[in-house]
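Colleague: Before we start, here is the structure in question, set down as structure tokens.
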């Protein structure tokens, strides 16, 4: 929560739940509270390159008929 507060960004809403909802229900709750044009998820084991969001948005802008954009993955040792 401290990290989110330190960003001082009105567009980011931090929603704390009473119990651990698990990944699927936490995402569902996030989607229910969202109001933007795009939604993305960053899990605790994910790493985004600096230009990740820029590249994802570029694909949407160049292909307006798309509903979903996915990306590749990298294996680091025994970690995907």
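Colleague: Only one of 47, 12 is free of Cβ contacts under 8 Å to residues at least 40 places away in the same chain and touching a strand residue (DSSP E or B) at 6+ places or on another chain (Cβ under 9 Å). Can you tell me which?
Modeller: Unique residue meeting the criteria: 47.
Colleague: What is the residue count in the stretch 18-56 for residues that are in a helix (DSSP H, G or I) and within 22 Å of residue 4 (Cα to Cα)?
Modeller: Summing the residues that are in a helix (DSSP H, G or I) and within 22 Å of residue 4 (Cα to Cα) in the stretch 18-56 gives 15.
Colleague: Given the conditions (1) exposed (fewer than 10 other Cβ atoms within 10 Å of the Cβ); (2) under 24 Å from residue 75 (Cβ atoms); (3) modelled with pLDDT of 90 or more, and given that residue 44 satisfies all but one, which numbered condition is not satisfied?
Modeller: So the condition that residue 44 fails would be (3).
Colleague: Right, here's the next one. Among (1) at pLDDT 85 or above; (2) outside any loop (DSSP other than H, G, I, E, B), where does residue 3 come up short?
Modeller: (1)
Colleague: To continue, here is another question. Can you go through 59, 69 and tell me which one is in a loop (DSSP other than H, G, I, E, B), at pLDDT 90 or above and surrounded by 10 or more Cβ atoms within 10 Å (Cβ to Cβ)?
Modeller: 69
The values are calculated or read from the model by the stated rules, or taken from the named source; none is laboratory data. Everything numeric in this text was worked out from a predicted model, so none of it was measured. So basically every Cβ, Gly included, is an ideal-geometry build from the backbone, and we count neighbours across all protein chains shown.
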